[in-house]
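*Asks:* Mind having a look at this structure? Questions to follow.
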Amino acid sequence: MAISFSPLHPVFTAECHGVDISQPLAAEDRRAIEAGMDQYGVLLFRREAPLSTEQQIAFTASFGPLEPPYTQIRSTEGTRLENPALADISNLTPGGGIMARDDRKRLFGLGNMLWHSDSSYKTTPAKWSALCAHVIPPEGADTEIADMRAAWDMLAPRLQQQVRDLVCEHSRIFSKGALGFGFTEQEVRDFAPVRQPLVRRHPGSGRLSLFMSSHNGRIVGWPVPEAMMLLRELTEHATQRAFVHAHKWRVGDLLVWDNRCTMHRARPFDDARWPRDMRRTTLAGEAAVPAAA
Ligand code: OGA
Ligand code: MN
């Protein structure tokens, strides 16, 4: 059965059918998924049961090297998922209980509810993220994704001109710091800002894209309040409903997004009451292509 895509939104995001992602991919299926990702920016693979750790890693790694693990905030109770290739996007402790309200990992993770692009605070940010649903709460906890290529296309020409060649500084200090998260001195040193072009060319489609993220806290050469105001204005533009897809999870879903041309955010749920267990694999990126190139 050949791979096919059914769009889930007018401007991006599709569901991919006709491939068993728990098995090694045939070269033509891999190429079809790559082409689908380049076109849609986000693909949903719907399955009865979540992929195993090994299957999720193998599927992701068929598209390139995984992002190496890097400094994370640990739960007071230790690490739940043994394999460092999996990012633990859950509210659970290693024992399976719900994290305490003041657990640093929980407080840090609340920042996922701000619009962001994964690891934009790394010199070379992530390419794709693949998030697999193991346990979902009965209500809330959608993941919303916004199309940054459509956002660029629909930006007023005057603004396009103004922002096209700007360079920004990204750090988790800016994103989690905006929520009042308290960092240790060591973390402040570890989380030194990195520079990213505000507009980049998406390699697979050739289209220009805004590259935005809550981690973005400065525009190089700009006074800070003026920079923050412009970034807020751009974020508001880029996350208007016309560019946003809200994903309602089912157990077994694997949602794959291209961080180079989308932003996403978690939506709230009653995390003191319901377990939510999501596991993410992440593809390493390549140096950004600035708009001017
Ligand atoms: C992530 C993320 C959002 C969510 O996995 O990178 O931001 O809804 N997840 O859990
Ligand atoms: Mn994320």
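*Asks:* Springs between alpha-carbon pairs under 10 angstrom, Gaussian network model over the chain: which of V244, V19, V42 fluctuates most?
*Replies:* Maximum fluctuation in the GNM of the chain, among the listed residues, is at V19.
*Asks:* Give me D for the range 141-213 in µm² s⁻¹, whole number, from Stokes-Einstein with Rh from the Kirkwood sum over alpha-carbon pairs, 37 °C and 0.692 mPa s.
*Replies:* After rounding, the answer is 228 µm²/s.
*Asks:* In Å, what Rg and Dmax follow from the Cα atoms of the range 51-144?
*Replies:* Rg, Dmax (Cα atoms, Å): 13.9, 38.
*Asks:* Right, here's the next one. Using only alpha carbon pairs under 8 Å that are at least six residues apart, calculate the relative contact order of the range 60-208 and give it in whole percent.
*Replies:* Result for the range 60-208 is 21 percent.
*Asks:* Arrange Y70, Y40 by Cβ neighbour counts within 10 Å, fewest through most, would you?
*Replies:* Y70, Y40
*Asks:* I would also like to ask the following. Tell me what the chain gives for mean residue ellipticity at 222 nm when only DSSP H runs of n ≥ 4 count, each as -39,500 (n - 2.57), the sum divided by the residue total, rounded to 500 deg cm²/dmol.
*Replies:* That calculation yields -6500 deg cm²/dmol at 222 nm.
*Asks:* Of C132, C16, how do they rank once you tally other Cβ atoms within 10 Å and put the fewest first?
*Replies:* C16, C132
*Asks:* Based only on the alpha carbon positions, what is the Kirkwood hydrodynamic radius of the chain, in angstrom?
*Replies:* Kirkwood radius, the chain: 19.5 Å.
*Asks:* Beyond 19 Å, what share of the Cα-Cα pairs of the range 87-186 remains, rounded to the nearest whole percent?
*Replies:* For the range 87-186, the fraction of Cα-Cα distances above 19 Å is 60 percent.
*Asks:* Separate question: What is the distance, in nm, between label points placed 7 Å from the Cα along the Cα-to-Cβ direction at A61 and at T123?
*Replies:* Those two pseudo-labels are separated by 2.5 nm.
A short reminder: the numbers here are calculations on the coordinates, not readings from a lab. Only a predicted model underlies this, so the values are computations on that prediction, with no experimental measurement involved. Note: ideal-geometry Cβ built from the backbone for every residue, glycine included; neighbour counts use all protein chains shown.
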